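One structure is given here, and the rest of the page talks about it.
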Amino acid sequence: MANPFVHVELHTKDLAKAKTFYGQLFGWQLQDTPMPGGGGAYTIIGVGEGTGGGMMTDDKTPPQWLAYVGVDDLEATTKRDKALGATVLQDVIEVGAYGSMSVIRDPTGAVIALWKAKAA
């Protein structure tokens, strides 16, 4: 499948409460790691099989899940999204040693992230 969903991320104002809830609800393995570039902890969600994700404290947006789609050319896809009527909310940025991302709002108002992993 071209451009699969590769990651989902919870942005929340109460990370401890979210970790307790989702850990008990689904039995997810949750592991805290330093946020790339500083700025607190990032909780990795281990689900066994399937697409995993993360959780983070975010005081700037309402609590929400953000889906990431894998792309081969992040810069070109971000530019193409804009040309198709999307609003770029976060232009291309590096995320530590993991890869790069951007975030767009599509013409209907939905928000989605684009992800390009660094080569292993």
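The values are calculated or read from the model by the stated rules, or taken from the named source; none is laboratory data. Bear in mind the structure is a predicted one, so any value in this text is a computation, not a measurement. Note: accessible area is taken over every heavy atom of the protein model, side chains too, but ligands, DNA and RNA are not part of it. Shrake-Rupley method; radii C 1.70, N 1.55, O 1.52, S 1.80 Å.
Odds and ends about this structure:
- Using just its DSSP H runs of length 4 or more, each adding -39500 (n - 2.57), the chain gives a mean residue ellipticity at 222 nm of -5500 deg cm²/dmol after division by all residues.
- Based on protein heavy atoms only, the chain ends up with 63 Å² per residue of surface accessible to a 1.4 Å probe.
- Normalised convex hull volume, the chain, alpha-carbon set, Å³ per residue: 125 Å³
- To put it simply, the accessible area of the chain at a 1.4 Å probe is 56 percent carbon and sulfur.
- Taking all protein chains together and a 1.4 Å probe, the residues Asp32, Asp72 rank Asp72, Asp32 from largest to smallest accessible area.
- In the chain, the longest principal axis of the Cα atoms and the axis of helix 74-83 are about 60 degrees apart.
- Built amide H within the under 5 Å cut-off of Asp58, gap 5+: Thr12, Lys13
- Using equal-weight Cα scatterers in the Debye expression, the normalised intensity of the range 1-53 in log10 at q = 0.19, 0.31 Å⁻¹ is -0.72, -1.34.
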